[in-house]
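Chemist: Following this message is one structure expressed as structure tokens.
Coordinate-derived values only; no laboratory data. Note that this is a predicted model, so its numbers are computed, not measured. Cβ placement follows ideal geometry from the backbone for every residue including glycine, while neighbour counts extend to all protein chains displayed.
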Amino acid sequence: MEDTEQIENTDIHLRDYWEVILKHRWTVATVSMVTAVTVAIFTFSATPVYKATATIKIDKETPKVVNYEDVLPKSADAQDFYRTQYGILKSRAIAKMVIEKLSLDKHQEFQPSVGAIAAGSVDERKLMDSFQKRLEIEPVKNSSLLKVAFSSSNPEFSSQAANAVAQAYIDYNVDSKFRTSEKARQWLLDKINEVRARVEVSEEALQTYTRERGIFSLEKDENIVMQRLENLNMELSKAETDRMSKEAIYSESAGSPAEALLTIRGNQLIGGLKAEHAKLESEYSRLMMFYKPDYPKMTQLKNQMDTLEERIRKEVSNLVDGIASDYREAMKREQFIRSTFETQRELAIQMKDKAIQYNILKREVDTNKELYNGLLQRLKEIGTSAVEAISNVQVLDRAEVPDRPFKPSKGLNIILGVWAGLFLGICSAFSIEYMDDSIKEPGDVEKFLHVPILGLIPSLEGKGELYPELISLKNIKSPLSEAFRTLRTSLIFSSPGSPPKIILATSSKESEGKSTVASNLGTVIAQGGGRVLIIDADLRRPSVHKVFSSPISPGLTNLLTGNAEEKSVIKSTEVPGLFIIPSGPIPPNPVELLGSQKMKEVIAGLKNDFDFIILDTPPINGLADTLTLTQLVDGVIMVVHGGITPKWIIRESIKQLKGTNTPILGVVINNLQLKKNPYSHYYASYDYSIEKSEKKSRSRWLGL
């Protein structure tokens, strides 16, 4: 079984909203009317306000002679630029310029809002605030145009102020350029003095360096040194080649025969001597065929041959000595050139080192001079352009005197007032509905309480209907009587098999009409032919005896305490078949009496004598009386005051009843305002004539 505190999710339809509006239609109508009338009163009593508008054009790229981008910071993009201009137009600086120009501190329109703070003076801050509230700046989309509007109750003053703001902005813009030019000039002068000092320092450092290093013309000296180094490198290469060639000849000549030397060095003298020696040797060999060795001619040839051999030996020796001498000479020359080359290379390295520092100092001098000359040129340009005040702001359309107020817009305000009133009225209706946590229609019972509904008892309307507690007896044609008869039918069919015989009628709290429901329910059951007994078990605030105009004693408490017999406490009523047992004297211990064994015996004994027994009990919350009696009954009827009793109290009561495992027959919604209830279509329509003298008939809706 679901917890009684759980709220069932249901679909919400548009008709639910519409029914809420219908239910609170008078609230909606009243709030709408009051709002619309209030808006109308304020609209027609408000002072007319006129608005004059001037149009200005702002160019981002200012048509100036000199660009200051390198001197002063520039905006990141056009959007930032125009946002800055809007801020300037709305600034207090522009407001102050206009206030002083138009003498607004003495203008009658600003006196009430500003007020004097001293004799002959006004609060300047309040004056500016009042002025800025009337000023509107509106950019024209996708353009560089800007609308400057001023609102005033005086049409002439509104146009005058709008034009004054536009002109003040132009003046501010021009003056700003003068200030910017002067600021740039001063900045340049400071920079020029700084750079001039840097030029002097760098030139002095360069001069000192050239003097200390003996540099007159670094580029010329460096070229000479490098040229000599290149020449020596070439000479060294040639000397190495020559030395290597002679070293090879010298190596081959060491220990080689004369014939090999002749191959190495083509000496013609040795070759001639060798040829002559060969000729003599051939002649000597030929003569040996004819003469003996000691023959004079033979001896002479032999001497000539020996002489030639000696000369050949001497020439070969001289040749070998010459090769060795050439080799040594080539080696000395190579060493000399290499030494000279190394010296020249060291000189070139030193020259390079000098050139590095020299170029650093020279480059610093050139950079400082270039910067100095550029600053001088810029200073000259600024001096030339400072005399020209070129504004990038133009007034396209001056503000004209408006011929009609722009507010209040009476027609629009009335329409908005009506719609606002309707909206507030609907919001009020839903707020009331939301804040109302009571049971207001049949659907709430099953939706929020999860128990069946037995009947709806409409509220009593009409001055002629008296005795509401016994309306079923006094006026059987009343809608209330019909509602109780419907309740009787629902009760009979509330339990499968047979209807409940012992019924407990209770409520969550006081004054919900449980005694009225119990009395009228017993009446209609008796009118239907049943034998009914109503027991007033509310031993704290009994009321059944009042309904039936019966003495309170002897009653139930007398019976339970043994001070009276059963026959003496059962009293008949004017309704045939209906009997009551009043409460009797109010006891100090109601719970003990109601929960006693005697109470069980009384109910068991009465059960055989009556068709139905209805126990009228105290409210559930805060009292244990009712819960004590739940074990003696066949079912419980929960009476709820429609539109009054909060749901949470009812849910708590039902939760307590379910905790006793007592069948809950259902809920009876009492005193329900059917005319105000949007669910009246659930009920069948009955038309009764209350009095023949009445001019109208009444309609009542009941629901099963």
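Chemist: What length, rounded to one decimal in nm, is gained on full extension from K369 through to T208, with 0.36 nm per residue of separation minus their alpha-carbon distance? Let's see the in-between values first.
Modeler: On the way: separation 161, 0.36 × 161 = 57.96 nm, distance 1.81 nm.
Taking K369 through T208 to full extension adds about 56.1 nm, to one decimal.
Chemist: Order the peptides 483-495, 238-250 from the highest to the lowest mean number of other Cβ atoms within 10 Å of their residues.
Modeler: Top to bottom by mean Cβ count within 10 Å: 483-495, 238-250.
Chemist: What nm distance separates the two modelled labels at Q132 and S153, each placed 7 Å from Cα along Cα→Cβ?
Modeler: Here the modelled spin labels are 2.4 nm apart.
Chemist: What FRET efficiency comes out for the pair N621/V418, r = Cβ-Cβ distance, R0 = 45 Å, nearest 0.05?
Modeler: 0.45
Chemist: Given that compact globular proteins tend to follow 2.2 N^0.38 Å, what is the ratio of the alpha-carbon Rg of segment 440-674 to that value?
Modeler: Values: Rg = 16.4 Å, N = 235, 2.2 N^0.38 = 17.5 Å.
Normalised Rg, Cα atoms only: 0.94.
Chemist: What ranking, highest mean first, results for peptides 155-164, 22-31, 588-597 when packing means the other Cβ atoms within 10 Å averaged over each residue?
Modeler: Order by mean packing, descending: 155-164, 22-31, 588-597.
Chemist: May I ask you to compute the full-extension gain from S550 to I476, defined as 0.36 nm times their residue separation minus their alpha-carbon distance, rounded to one decimal in nm?
Modeler: 24.5 nm
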